[in-house]
Amino acid sequence: MLNIVLFGPPGAGKGTQSEKLIAKYNLIHLSTGDIFRANIKGETELGKLAKSYMDQGQLVPDSVTISMLEAEVNKNNNAKGFIFDGFPRTQAQAVALDNLLKSKKTSITLMLALEVQEEELRKRLLLRGQNSGRPDDQNPEVIQKRIDVYNNETAPVKDFYTSQGKYQGVYGIGEIESIFKALCAVIDSKIKPTTKNASVKKVISTTRTAAKKIAKKKKVMKKKAAKKVVKKSTKKKAVKKIAKNKTTKPTKKKVVKKNSKKATKKVTKSVRPTGRKVAKKATKKKVVKVAKKKVIKKVTKPNRTTSKKTAPKKLAKKQAKKIVAKKKVVKKKKK
Ligand code: ADP
């Protein structure tokens with residue numbers, strides 16, 4: 001994250017430069033003065049309280065300002081970074097901001113201070129009062145009060161960031177664009193080397209993780225291949241066993257398969273077959289029955305017929321023989 005404190009006395013041009021910086025670096029602009037003014041416009045309790053201090057050129061109490069700013073930071077959890085404009089204005093606020101950012105695992109990158117002489121500030125503020133209608137810019141006494149408050153209460157905050165090696169002053173008189181360029185040059189000098197290092201580190205870490213991933217994949221592949229070989233060899237062994245001894249018990253898998261077959265048979269039995277199958281089965285049964293009957297008939301019929309046919313023939317033959325014998329007897333008697 002890129003977190004910048006834009007610092008300077010009233011009328012130094014913090015608001016103007018902030019607008020340009022947030023556009024270039026894609027940051028969230030948090031101006032405590034703007035937030036208070038919005039609350040005054042909305043006639044909120046916070047606005048009413050803030051107005052009573054602002055109209056006199058005094059600072060709004062720390063407790064109120066700090067909790068308001070914390071709420072604003074928390075509203076922007078996905079921010080790439082912040083520009084704090086008009087905050088921190090006291091040592092207590094600076095400490096609170098450090099703690100807040102620490103809790104979010106980030107910190108202030110740098111304090112950019114716009115340095116403008118008091119004479120210039122007074123001129124600017126009076127001019128702004130004529131155009132913007134800000135009441136605190138229209139009264140010379142209030143303007144002076146704000147400059148004094150800055151010198152006494154706010155300027156020491158510079159030391160807070162200097163001790164951290166984060167303070168950077170930029171001359172704030174001249175063309176808006178040239179001041180902006182000067183500010184950008186400071187920011188870029190702070191972030192570019194770190195981003196380069198970061199990108200290099202990223203590349204290294206990503207290649208490392210990629211290598212680790214590949215190694216893991218290779219291991220898994222090897223394991224799989226080993227398992228396959230074991231499976232194949234056990235299969236071959238099983239086949240050989242079966243070939244050698246047909247009575248060998250089937251392997252567990254086969255038992256399962258057999259069981260599953262039985263199960264499926266059971267299932268198919270309990271489940272009604274479809275129309276086609278019923279028809280087929282019925283016809284099959286019919287055919288079988290008819291065939292059986294025919295066979296039985298064939299078997300039984302010829303026997304009957306033959307017995308019927310053969311019996312009278314035999315009788316006839318016997319009778320004929322008897323007749324012939326009788327005739328012979330008669331002939332003999334006649335003789
Ligand atoms: P300027 O920079 O011209 O003073 P600001 O908009 O920053 O204008 O502030 C306007 C007024 O709002 C201040 O004079 C003060 O009363 C109040 N204010 C803004 N920021 C703070 C702050 N961080 N702490 C206390 N009061 C503040």
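Structure notes:
- Cα gyration tensor category, rounded, prolate or oblate, for the stretch 142-193 with a/c compared to 1.5: oblate
- Taken along the Cα-to-beta-carbon direction at a fixed 7 Å, the label points for A155 and N26 span 4.0 nm.
- Checking the Cα-Cα distances for K105/K192; K80/K104; K14/K48; K105/K213; K48/K75; K80/K102 against a 18 Å cut-off, the pairs over it are K105/K192; K14/K48; K105/K213; K48/K75.
- Residues K145 and K224, FRET efficiency given R0 of 51 Å [Cβ-Cβ distance, rounded to 0.05]: 0.05
- Note that the stretch 215-225 has calculated 3J(HN,Hα) couplings of 4, 4, 4, 4, 4, 4, 4, 4, 4, 4, 4 Hz, one per residue in order, obtained from phi through the Karplus relation 6.51 cos²θ - 1.76 cosθ + 1.60 (θ = phi - 60°); glycine and proline are x.
- Cα gyration tensor shape for the stretch 101-182, rounded if a/c is under 1.5, else prolate or oblate: prolate
- Where a label projected 7 Å from the Cα of Q138 along Cα→Cβ would reach, residues of the stretch 44-67 with amide N under 18 Å: 51-58
- Cα shape, the stretch 1-108, gyration tensor, a/c 1.5 rule: prolate
- Sequence-distant residues sharing a close amide H with G8 (under 5 Å, placed H): L114
- Backbone HN-Hα couplings from phi across the stretch 45-51 [Karplus 6.51/-1.76/1.60, Hz, Gly and Pro as x]: 4, 4, x, 4, 5, 4, 4
- Here's how it looks for N3: its modeled amide H is under 5 Å from those of F82, T109, L110, which are all 5 or more places away or on a different chain.
- Take every Cα pair under 8 Å whose residues are at least 6 apart in sequence, average their separation, divide by the length of the stretch 1-104, and the relative contact order is 42 percent.
- Computed from backbone phi with θ = phi - 60° and the Karplus coefficients 6.51, -1.76 and 1.60, the 3J(HN,Hα) list for the stretch 86-93 is x, 8, x, 10, 9, 4, 4, 5 Hz; x is used for glycine and proline.
- Near the amide H of N139, within less than 5 Å, lie no amide hydrogens of residues on another chain or at least 5 residues away, with H placed in the peptide plane.
Bear in mind that the values in this text are calculations on the coordinates, not laboratory data. Every value quoted in this text rests on a predicted model; they were computed, and no experiment measured them. Quick reminder, even Gly has a Cβ in these numbers, built from the backbone with ideal geometry, and neighbours come from all protein chains shown.
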